[in-house]
Amino acid sequence: MSNLKIGFLGAGYIAGVHASILARDDRVQVAAIYDISKRRAEQLAPSVGHNGAHSVAEGLAMCDTISITSPNTKHTELAVLAAEDRKHIFCEKPMATSIADAERVLKAAANSDRVFQVGHNRRFALVYAELKRMLTETHQAHSAHVKMNRGELLNPEWTGDPKTTGGFLYETTIHMFDMMRFLFGEVASVRAIGSSHEYAETDDFSMLFTFENGMHATMASSADASWLFPFERVEVFCHHATIVTREMESLVYSEGLDGKHVERSMHQLAKEEKWGYAQEDRAFIDSIVNETPPAVTALDGYKSVELVSAVYESVESSEVVSLGS
């Protein structure tokens, strides 16, 4: 049985989620935890049976596998450093917070012979996995509406700091940009309108996407919409059929002309499985052990950053932005 030594660069909430899951995988040893805040590292380390590392360099030296769970704007430098040190890398989303930085990470990953997986956990969430199966096997999407809101950018405080997040769309909304590619294919163009209401950045967006396969979709994302359930939702419209997700809790679909519907609920499952964290961590370790390509590649990470960048460009220019595959 493999005994991969994994180190965490960043000891916040999401590091705790992944460390807890991986600590239960007998193929993995959590060997190092580093955070710029010594207190955070010390708080997390005992829960997974390890003392904190004193520096990034020490964490890298102790491990063959690295999980980058630092603030968004720190991902690029850590990812490039770890790739150049020939580590297997799990990089939380976003892979980067600019196209230039995403290109650096993509190049570093391509030049490495190790696994590089990006943390777009929604792909593994059971609701979205089932939606993907339906669109692949039984339903053809004509159009869609996607919503990804936050109630506020106040808690934790860093969510409202673009110097930390890279911008509102890079924090939570980027999940749904990746999800659109996962479900519907490559984006051909985007037209976006944005406005600012509560925070010192553009915090409300309306978007229209076209896809290379001819499909089209709208998307809305607001930073101050309250936490009304579901804050995250995908509605897919097919031939006399609609499929709707409600966060990671359930999927509802209706077909035919009588209005009847069926609901598939995931609410009874543990959050780490319902949200896909357990599955994505297992897939990452599987890729290393079995020497297979990662489920979410550096190119996937790049494409999601490209979409965020295109939306911001469209808001700034008031024009349609075209994207190439």
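Entry remark, the stretch 115-143: residues being under 24 Å from Ala83 (Cα atoms) and among the small types (Gly, Ala, Ser) number 1 in total.
Please pick out the residue among Ile99, Ile68 that is β-branched (Val, Ile, Thr) and open to solvent by less than 10 Å² (accessible area, probe 1.4 Å). Lay out the reasoning, then the answer.
Values: Ile99 fails: open to solvent by less than 10 Å² (accessible area, probe 1.4 Å).
After ruling out the rest, the residue left standing is Ile68.
The number of residues in the stretch 226-262 being part of a strand (DSSP E or B), over 19 Å from the mean Cα position of the chain (by Cα) and of a type in the set (A, V, I, L, M) comes to 7.
The residues on offer are Ile6, Ile21, Ile14, and the sole one that is among the aliphatic types (A, V, I, L, M), within 20 Å of Val289 (Cβ to Cβ), open to solvent by 10 Å² or more (accessible area, probe 1.4 Å) and not in a loop (DSSP other than H, G, I, E, B) is Ile21. Which members of the stretch 241-260 meet the condition of being modelled with pLDDT under 95 and either open to solvent by less than 60 Å² (accessible area, probe 1.4 Å) or out of contact with any Cys (no Cβ under 9 Å at 6 or more places or on another chain) (or both)? Listed by number, the residues that qualify are Gly256, Leu257, Asp258, Gly259, Lys260. Here the condition is being assigned to a helix (DSSP H, G or I) and within 16 Å of the chain's Cα centre (by Cα); of Ala108, Ala100, Ala79, it holds for Ala79 alone. Whenever a residue of the stretch 23-40 is among the hydrophobic types (A, V, I, L, M, F, W, C), its partners that are open to solvent by 40 Å² or more (accessible area, probe 1.4 Å) and assigned to a strand (DSSP E or B), lying with C-beta atoms within less than 7 angstrom and at least six residues away or across chains, give the pairs Ala31/Lys5. Scanning the stretch 128-168 for residues that are surrounded by 19 or more Cβ atoms within 10 Å (Cβ to Cβ) and touching a Gly at 6+ places or on another chain (Cβ under 9 Å), we see that the one that is nearest to Ser254 (Cα to Cα) is Tyr128.
Among the residues of the stretch 231-254, those identified as over 28 Å from Asp204 (Cβ atoms), in contact (Cβ under 8 Å) with a residue 40 or more places away in the chain and of a type outside the set (Phe, Trp, Tyr) are Cys238, His239, Ala241. When the residues of the stretch 193-227 are filtered to those that are touching a residue at least 60 places away in the same chain (Cβ under 8 Å) and aliphatic (A, V, I, L, M), the one that is farthest from Ser250 (Cα to Cα) is Ile193.
The values are calculated or read from the model by the stated rules, or taken from the named source; none is laboratory data. Worth saying up front: this structure is predicted, and the values here are computed from it rather than measured. Cβ atoms come from the backbone with ideal geometry, glycine included; neighbour counts cover every protein chain shown. In case anyone asks, the SASA skips ligands and DNA or RNA and just uses the protein heavy atoms, side chains included. Shrake-Rupley method; radii C 1.70, N 1.55, O 1.52, S 1.80 Å.
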